[in-house]
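The values are calculated or read from the model by the stated rules, or taken from the named source; none is laboratory data. As the structure is a prediction and not an experimental result, all values here were calculated from the model. Cβ placement follows ideal geometry from the backbone for every residue including glycine, while neighbour counts extend to all protein chains displayed. The protein model used for the area step is the full one, side chains on, heavy atoms only, and it has no ligands, DNA or RNA in it. Shrake-Rupley method; radii C 1.70, N 1.55, O 1.52, S 1.80 Å.
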Amino acid sequence: MPKLNAPSTKTARKNRKVGRRHPLATVALIAIGLGLTGGVYAAVNAAPATASADTTSASQQQITEGQKVFEANCASCHGLNAVGSANGPSLIGVGAAAVDFQVGTGRMPMAASGPQAPQKPVQLNDTQIADLAAYVASLAPGPAIPTGPQISTNGDAAQGAELFRINCAMCHNVAGAGGALTEGKYAPPLAGVTPTHIYEAMITGPQNMPVFNDLNLTPAQKSDIITYLTYIQQNPSPGGYALEDLGPVSEGLFLWIFGLGAIVGLAVWITAKSN
Amino acid sequence: MTTEIPRLQRTGFTGAAANYIDERTSISAVVKEFGRKIFPDHWSFLLGEVALYSFVVILLSGTFLTFFFQASMTDTVYNGPWVPLDGIHMSAALNSTLQISFEVRGGLLVRQIHHWAALLFVAAIGLHMLRIFFTGAFRKPRELNWVIGFTLFILAMAEGFTGYSLPDDLLSGNGLAIINGMIKGVPLVGTWISYLLFGGLFPGTAIVGRLYTLHILLLPALVLAFIAIHLVFVVVHKHTQFAGPGRTQGNVVGYPILPVYAAKAGGFFFIVFGVIVLLATFFTINPVWLYGPFDPSPISAGTQPDWYIGFADGMLRLIPPHWEFVWLNRTWSFNIIVPILILGLFIVIVMFYPLIEGWITGDKREHHILDRPRNQATRTAIGAAGVTFYAVMWAAASGDIIATHFKFAVEGVTHVLQILLILGPVIAYFLTKRICIALQKKDRSLALHGYESGRIVRLAGGEYVEVHQPLDEYERWRLVSQEADKPVIVRPDSRGRITGGRRFRASLSRWFFDDRIEPLSQAEIDAASHHGELEGGH
């Protein structure tokens, strides 16, 4: 929260007045600070960009590797050549993004049937996932794994927050704490989801989530949403522990159990002392 | 007395000051009278005080908030430190709430103190009411004070709801949207009332200002007035006490208000205040900055009212669908009318319960000694049924969160709660009644025969008996000091007729005292203690 940190600028001003430092020292410090921040930003932003660049430019070797992984792990449900079976839908045309999301968040390979494929620890390593994605993408065109500006977290957080409230909050809750859907399905909490997976979720619409294509939400708007979700994760609630962001229910329960509980305990204590 | 006080005052500044005030206000008479009032000591007697103290905290913190809050729905653009709302259009109400949170020094802490204290206020009233109910402290002469106290509970909920609606964020706006829907569901007058309340079509631009007036002027004044009456009655009636040696209907055993009780109570105020401040320091409440401005189209998953309105929200969620039809060219929303009727009936029954019970039992005696809940099995069972009914409605308000956290289907949760709403109270009633009666029987045998010591003795005649350890006098007193009740019986009235009403009352009364266990008579107790220490099996 750089803007919330108003007092630090005040102290900087005070230092200058005292004049113990060379007037140019502050300028130099700021320059160094800016340089460092910029460098870190560049490094952080560059890392996923290069990683996903690999997956988009798929070589024939990756595709053959991917097919092997697929036959070993996925074909039992999705059928040979991903044409689908009674146990799983066809993956023709779902694109690399769907595979990267489903396997990268541990949803696939699915373990047991239920209302919704739950998240599990990721089963395959990054290379295998990239190979699988390349293989499925080679079957038919589909959404690619997002890169660069699409998953940047430098968008407009306020715009993103508003879009999130309008498009996503009814399922995921305003703070991304998750919520219930019908018949045992649920929209999961969004804490800790990577920008790439958020973007992929929007363009592929996993399971009961609708697809937000580029006409619903432009790539820039998607990056705004990602910026917002990243912002609220990196800036924990200014009011103290947020009780899982579940809203009034958790507040009420907390008050009854811990607030009133503490007070009753103290009341018992002060009346017991007198005996 | 009068000769002693002047001697004291000459000894220093305090004495002189006290004398100065006394000579001008005659306050010593009041202090003497009031200061000597006795309050018995039991932790559960402090619950009402918790409510009172949290109300004081609410008044203090609320006053601070009024310095900065703007109860206006004029459109503004937020330009503050909370980046995810920067440049967003919102009402002045939400804008000033965000300013209080992020720009006013200590503002967020005070906001959170105010809100946590409000939750505590209503919760403490609730727990206090349960204590009064289950110990029968509402019986003559205190029936009216129960009604006053319950009115305070309703006023507290109204205070809470109006406060919850003030920030004009998405959460509170959705709460108002539900209220608006409920009002509009009332046949014939609903739409008119809604237009009147909101000054036009919902949400309009008037509601926040209006609720603010209620929230800081009318409702607090009413709460204060009712608290004053409530406390005057407590002083007039004197405090009730649990049965015990030396405690009678005619006395109160405890500490005088001055100095012991006042000191304790003053200390307890700071304890309550301290707990609230700790909550507010470490735990977020109502993060309006996440909810953003109200807009009728979006809604967040997990949108719920504060806990004390939850039961009403839950009742709405429990009503099955398709209870709405058009008749006489009007829409009849029984999915709204029925819950309103059920909630209304529930509130009226609780509010007038002392009068209803008094009528059924025909008990005209004054009661200053509290009942042990087990000794009034039917009342305790009714209370348990009521608590269950309330708890099911309450749980229903968080059905979606129960579903996600325990991995159920939300429809399943609703259906189970629908069944529980009807069966739960019945089961709770019978279970509680049986448990109470069993406990009474246990007490009775304890009082008569004492504890089983586990020592087996062989008598001269070859008979084996277990030695029972008799209770000491004090312990026994607690168990046996209970007044006998008897049901109202059908008697002809002055004109010699037996009306249906009388018959109905008599049958209710029989039901109320059904299965009761007569308290032990002095003769029985004496007989048992003469029986001696060695006691055969029974």
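Considering only A:124, A:110, A:74, the residue lying farthest towards the positive end of the dipole of the stretch A:60-139 is A:110, judged by Cα position with unit charges set on Cβ.
Express the accessible area of the protein assembly as shown per residue in Å², computed with a 1.4 Å probe while the remaining protein chains stay in the model. Please report the intermediate quantities before stating the final value.
Working: 40960 Å² over 813 residues.
On a per-residue basis, the protein assembly as shown sits at 50 Å².
The calculated FRET efficiency for residue B:491 paired with residue B:201, based on their beta-carbon distance and R0 = 35 Å, is about 0.05. Placing R0 at 41 angstrom, the Cβ-Cβ distance between residue B:510 and residue B:186 gives a FRET efficiency of 0.55 after rounding to 0.05.
Chain A against chain B buries an accessible area of about 4900 Å², both chains summed, 1.4 Å probe radius. Between the stretch B:79-115 and the stretch A:126-145, the alpha-carbon centres lie 46 Å apart.
State the percent of C-alpha pairs, over all pairs in the stretch B:16-132, separated by a distance greater than 19 angstrom. Walk me through the intermediate numbers first.
Working: 4473 of 6786 pairs.
So the portion of pairs separated by more than 19 Å is 66 percent.
For chain B, the longest principal axis of the Cα atoms and the long axis of helix B:107-134 meet at an angle of about 30 degrees. Working from label points 7 Å from Cα in the Cα-to-Cβ sense, the residue B:419 to residue B:338 distance is 1.8 nm. The stretch B:398-466 and the stretch B:381-396 have Cα centres spaced 17 Å apart.
Taking 0.36 nm per residue of separation and subtracting the Cα-Cα distance, what length does fully extending residue B:464 through residue B:484 add? Don't skip to the answer; put the middle values down first.
Details: separation 20, 0.36 × 20 = 7.20 nm, distance 3.64 nm.
The residue B:464-residue B:484 span can extend by a further 3.6 nm.
Adding -39500 (n - 2.57) for every DSSP H run of four residues or longer, then dividing by how many residues the protein assembly as shown holds, sets the calculated 222 nm ellipticity at -18500 deg cm²/dmol. Per-peptide packing, taken as the mean over residues of other Cβ atoms within 10 Å, places B:252-262, B:482-492, A:166-176 in the sequence A:166-176, B:252-262, B:482-492 from highest down.
In this calculation the C-beta distance from residue B:324 to residue B:68 is compared with R0 = 35 Å, giving a FRET efficiency of 0.20. To put it simply, the accessible area of the protein assembly as shown at a 1.4 Å probe is 66 percent carbon and sulfur. Pairs of lysines in chain B whose Cα atoms sit within less than 15 Å of one another amount to 7, provided the residues are eight or more positions apart or on different chains. When the charge dipole of the stretch A:148-238 is built from unit charges on Cβ atoms (+1 for Lys and Arg, -1 for Asp and Glu) and taken about the Cα centre, the candidate among A:152, A:180, A:207 whose Cα reaches farthest toward its positive end is A:180. For the stretch B:19-89, which trypsin sites (Lys or Arg not before Pro) are both in a DSSP coil and crowded by at most 13 other Cβ atoms within 10 Å? Here the trypsin sites (Lys or Arg not before Pro) that fit, given the DSSP loop and packing criteria, are B:36.
Distance between the pseudo-spin-label points of residue B:521 and residue A:61 (7 Å out from Cα toward the beta carbon): 10.5 nm.
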